[in-house]
Amino acid sequence: MSDPATHAIEHHEPVTSTGIPSKKILMWAFLGSDCMFFGTLISTHLIYRKISATVGSTTVDIRNIFDIELTSFSTFILLASSLFMALAVSAIHKGNLKSTRWMLLGTIIFGSIFLACQVYEFTHFVTHEGHELTLSHYQDQDHVFGSTFYVLTGTHGTHVAIGVFWLLGWLVYSFTGKMSTADAMDIECCGLYWHFVDIVWIIIFPVVYLMEYAF
Amino acid sequence: MSGHAEDPVLEESKRFFTFFNLSMILVAITGIEIVIIYVETFEGSTIIGILFATSILKFVGVVWWFMHLRWDKFLNTVLFLMGLVIALATYFAVIYMADTHPVIAEEDFSVNPLEGKWEAGKDYVKGDYVLQDDSYFEANFDHKAPSSFSAQVDSGKGLSTAWTEVDGVPHLFKWKVSHGDLIEINSNDPSNEFFHQYEPAEKENIEGTKIALLKKEATKEKFRIRIRSEAYLTVWPEDPNQ
Amino acid sequence: MATESVKYVAPETETQLQNQVFPRPGQHTTGIIDWLTTIDHKKIGLMYGLAALFFLLVGGLEALLIRSQLWTHNLDVLNNRQYNQMFTMHGTTMVFLVIMPLSAAFFNFVMPLQIGARDVAFPRMNTLSLWCFIAGGITLNLSWFFTGGSPAIGWFGYAPLTDNRFAEVMNDMGPDFWVFSLQILGIASLLASFNFITTIINMRAPGMTMMRLPVFTWMTLVVSFLIILAFPAITIALAELMFDRTYGTNFYDFLEGGKPHLWQHLFWIFGHPEVYILILPAMGIVSEVIPTFSRKPLFGYGLIVFSGIIIGFMGFAVWSHHMFTTGMGIVATSAFSILTMLIAIPTGVKIFNWIGTMWGGRIRFETPMLFALGFITMFMIGGFTGIMHSSVPIDAQHQDSYFVVAHFHYVLIGGALFGLFSGFYFWLPKMTGRLMNEKIGKVVFTLMFIGFNVTFFPMHYLGMIGQPRRTHTYNLGHGFEAWNQIATVGAFILGIGIAIGVYQFVSSFFDKKLKPAGKNPWDARTLEWTLSSPVKEYNFARMPIIKSRDQAWENNYGPKEKHSEKEPVDDHGVHMPDRSWCPLVTGAGLLTLILGMLFHATKDLETGVVLERDYMIPIIGGIVFVIGIIMWAIEGPGGYHLFPKEDEE
């Protein structure tokens, strides 16, 4: 009763007024806030996508540089990583450390592939012969599409990178021998973040990429 | 811990299949989205509608199942929905307000008296106006003009006069508007009334014409054209107070 | 605030200090290290309050310079650029470095006590929020010393004036300082709000249901939600502005396809909820003070809570009333006009309820009550002029005139500042254990009330006869001189009153000649008044079991079944979270990152073209930040135990 080790474990589940762990409430409140964050970026993009500096002229056709095959591939990759994440959370709740490790690793790998695709796509756009899309220009014309596109998808990519980093931390921790079902809530919160990043992409993919082919 | 009591291991094992099936469904839906883009038979707005629907399906799928909201206490859903609802409402409003003013150039609106003189051999429709000897006449029924203006013509029910003189001057209105969903033209001269309102079939690059009988001759300064678009109500000539 | 009465325990339960890169400060830490590493919500609240009071004086000085410049026509106290800098800094300082942190100070100190908690849900995050606020205050005021000086763009930084293209001074860094300081201040507010939401939802004492919460705690909750939902909009708007200025994107550059109008939308989507963030805490404070000094329960508790929630929610639907004159079109302006008029309804409900509370009560006119009454009357006047603005044709006359200046100072000084001062006079005895001098308090109120009205009431008239805002001087012949002089005199009176008040607050922590306050000097109603003054480190020796609203009052005057009980003594003792260096380290990393970003580019002095970008300092800052977070995760909450005596509170 009086030794510090048992104290640490006994104090692990503080009583809460709602029965929901505080970390979970924090994460959901944060995700609600993040909706406003991405909402701002997405609506900025939607407002700007057709505008170019020379008002009245024909708008520049962005489809020349979009590579839908690549972007579709990265969309599937991110969806798959979400599955791995859900399975990782499931595994840690069951106390299956080995499975948790593999699922975490899977999420990290797929998340990293997604990031690699984004990086490839960005460099490809910036250097694409004759159709360069930069932060302020498209094909040497002053344009706003690049600004909104890169900042929106870049912010999303940053969120993914933070998630990958966080997952790596968990993966490393899982090898220290200190991981147990007591950490399940923390990993669940990490999972919530990762899934949110996925659903933001679920919105971005049609709104930014596919829409250019329709309208 | 997150609200599920009895046997966490069994619970989680059941969920494995749910997760797996859900991901397959998400992949399938994404596949459909991509196919729809490649198949070019759909109209722009239909594609957007479908994309909108599929996005919502995928969104709900991930949030309700992967993110456990289905199995957790409702408060979590409330916290998330607060952010989501306010974001959606605010940004729909912002995007809506990004509408631009409808534009009519000076030369795009014209009002002129009709100049068409009566011509022999021409096909006329009931209601057509012609100018003959400095007066205006309206056709009483569909007919093909004979060689003489005042000759009686077969109306289908026997011979009768083809033309009735009208008191007033028919005018041709022409307009070109950048975009809008309701157009109204009216006269601001009480002694020379005119009112025409309609919803154009095409919402962009609207062109319209109308022939109408006015009491007396008028020029376009006597008229006002009002255009309603998504966020604006524009009046030409411009109202300095707006 | 020292834990004199605590029984010490055998060494095994003390914090382990070795084997850590940053040895964790133990429970007996005192002095400056205690203040730098504390996670105690009470100390954090005090630091917020002290820093905010300092910035109040800074912002006040900026205001007095403005008023001096406007003494009479064509003065040269400040030239036009300096004048613009002055009102920009005055506005930004008062909103972000004074009112918001003062509210945060009270949220931090009082709210956990009101719900029966020992600390907030995430104590270290609370500390980080404090250090981010300090970093933001430093960053903003560093701007005075660099190229271009302080920003001269207004507290609302409208595009395209903020674009590099329109800089008055080549390579003007003012707007950059403004952008980055607001970003880190935003982080501070967000972190604090997430904490408060979780605390209020999850850490209430047993029996403390949501409808037994004091109104001040409810307002804390509503304001926290407003913050987490409104700040993202300005975060993105500022980020887009930063990209425009630093990397040449075209978000607000109209020549390249951007829409400056979008900045206004995004800013005000944040800005309007922001003004409710500024006023709701003061409304919460007044809702505590009025019942106490009327010796009556709050009239219509449920309605007041509900109105607060409605105001918060509707606050998101009215932002474009700041943009009535920007040509948004009939549909939009009408919609926002109507919604703005509607939002007056819940506000009015609150005012009627406060009056209803006083009606038939036995009113005492001590200083907290004077300020609360001042709040109600002055806020009402500000509210009336606000309703006038909501009518679009009338707003077209008011826009950019001194009438608007009068309106918002009535709601922000007459409202928020008076409410916060009421809170100081009400709660400082709880914090210090000493009663402040009532006579001096009344002098402060009198000076502030008179000074404030003399300054700002004439501005209604000045606005109506045509004096424009944000204009550094005026010519002879408009008839502005007399009332401007009166306003300037009033401003100095207000300044003196505020200065005396601030001195009184700070000195009450050190003045041993003041009378002791005891547990409940005002015979107040809510839970914090059942504790000793000053409050002990652990807040509650034994967790209370709550049986009713206004628990302190019911304990003193109510029937036995409504008295609170206490949880049984815990052999473990009271678990206290450990102090930590990590928030300070993390905050220092963020500050370094921001300063690094501010100075990373070497620009040509003549043309402003970027010659070289060196990211070394931001990267170092980022690494320190990440290290701080990793250490934070590894060290865990830690903890030690205290053993208060049986009957101690």
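Values quoted throughout were computed directly from the atomic coordinates according to the rules given, and no laboratory measurement underlies them. Small disclaimer: the values here were computed from a predicted structure and weren't measured. Using ideal geometry, Cβ is built from the backbone for each residue, glycine included, and neighbour counts are taken over all protein chains shown.
Axis of helix B:74-96 versus longest Cα principal axis of chain B: the two differ by about 20°, to the nearest ten degrees.
Net length available on complete extension from A:V126 to A:T158 is 9.7 nm, with 0.36 nm assigned per residue and the Cα-Cα distance removed. Just B:L172, B:L159, B:L214 to compare: in a GNM of chain B, with alpha carbon springs under 10 Å, which one fluctuates most? Of B:L172, B:L159, B:L214, the Gaussian network model singles out B:L159 as fluctuating most. Diffusion coefficient of region B:106-236 by Stokes-Einstein, Kirkwood radius over Cα pairs, 25 °C, 0.890 mPa s: 149 µm²/s. Put simply, the amide H of B:W118, placed in the peptide plane, has neighbours under 5 Å in B:L131, leaving out anything fewer than 5 places away on its chain. Stick to Cα atoms and the Kirkwood definition of Rh, then tell me Rg/Rh for region C:148-294. Taking Rh as the inverse mean 1/r over Cα pairs, Rg/Rh reads 1.12.
Which pairs in the list C:K430/C:K536; C:K430/C:K513; C:K296/C:K562; B:K174/B:K222; C:K519/C:K566; C:K350/C:K560 are over 20 Å apart, alpha-carbon to alpha-carbon? Where the Cα-Cα span goes over 20 Å, the pairs concerned are C:K350/C:K560. Working note: 222 nm ellipticity from helices only, DSSP H runs with n ≥ 4, each -39,500 (n - 2.57), summed and divided by the residues of chain B, gives -10500 deg cm²/dmol to the nearest 500.
Over the C-alpha atoms of region C:391-544, the Rg to Rh ratio, Rh being the Kirkwood estimate, stands at 1.15. Look at where the Cα atoms of region B:158-201 and of region A:126-199 average out, and the two centres are 60 Å apart.
The phi torsions of region B:124-141, fed into the Karplus equation with coefficients 6.51, -1.76 and 1.60 and a -60° offset, translate into couplings of 10, 10, 4, x, 5, 10, 9, 9, 9, 6, 6, 10, 9, 10, 10, 6, 8, 7 Hz, rounded to whole numbers, with Gly and Pro shown as x.
For chain C, the mean residue ellipticity at 222 nm estimated from helices alone is -20000 deg cm²/dmol, where every DSSP H run of n ≥ 4 contributes -39500 (n - 2.57) and the total is divided by all residues, rounded to the nearest 500.
Taking B:W65, B:W118, B:W163 in turn, the Gaussian network model of chain B (Cα-Cα springs below 10 Å) assigns the largest fluctuation to B:W65. The calculated 222 nm mean residue ellipticity attributable to helices in chain A amounts to -23500 deg cm²/dmol, summing -39500 (n - 2.57) over DSSP H runs of n ≥ 4 and dividing by all residues. Which residues make up the longest stretch of chain B that has no trypsin sites (Lys or Arg not before Pro) in a DSSP loop with at most 15 other Cβ atoms within 10 Å? That would be B:1-69. Annotation: Cα Rg of the protein assembly as shown relative to the compact-globule expectation 2.2 N^0.38 Å equals 1.08.
Extension gain for C:I338 to C:I627 (0.36 nm times residue separation, less C-alpha to C-alpha distance): 98.9 nm. Approximating the spin labels as points 7 Å out from Cα along Cα→Cβ, the B:Y198-to-C:T446 distance works out to 7.8 nm.
For chain C, the longest principal axis of the C-alpha atoms and the axis of helix C:123-142 are separated by about 30°.
Going from the fewest other Cβ atoms within 10 Å to the most, the residues C:W35, C:W263 appear in the order C:W35, C:W263. Averaged over the residues of B:51-62, the number of partner chain Cβ atoms lying within 10 Å of the residue Cβ comes to 4. List residues of region C:460-490, by number, whose backbone nitrogen lies under 19 Å from a label position 7 Å along Cα→C-beta of C:F166. Inside the label zone: C:468-473.
Among C:L161, C:L476, sorting on how many other beta-carbon atoms sit within 10 Å of each Cβ, with the fewest leading, yields C:L476, C:L161.
Relative intensity of region B:8-96 on a log10 scale, I(q)/I(0) at q = 0.25 Å⁻¹, equals -1.19, per a Debye sum over C-alpha point scatterers of equal strength in the absence of solvent.
When the alpha-carbon atoms of chain C are used, the pair Rg, Dmax equals 25.1, 81 angstrom.
Sorted ascending by nearby beta carbons within 10 Å, beginning with the fewest, C:Y247, C:Y474 become C:Y247, C:Y474.
Less than 5 angstrom separates the built amide H of C:K566 from those of C:I545, all sequence-distant by 5 or more or on a different chain. Please find, in a Gaussian network model of chain B (springs between Cα atoms separated by less than 10 Å), the residue of B:E165, B:E43, B:E115 whose mean-square fluctuation is greatest. Evaluated over chain B, the most mobile residue of the options is B:E43. Normalised by 2.2 N^0.38 Å, with N the number of residues, the alpha-carbon radius of gyration of chain B equals 1.79. Once backbone amide H atoms are built at 1.01 Å from N, B:H179 has B:V103, B:N205, B:I206 as its partners under 5 Å, excluding neighbours fewer than 5 places away on the same chain. Just so you know, the Cα atoms of region C:567-649 work out to an Rg and Dmax of 22.6, 74 Å. C:L241 sits among other residues whose Cβ lies under 12 Å from its own Cβ, and their net charge, with Lys and Arg +1 and Asp and Glu -1, is -4.
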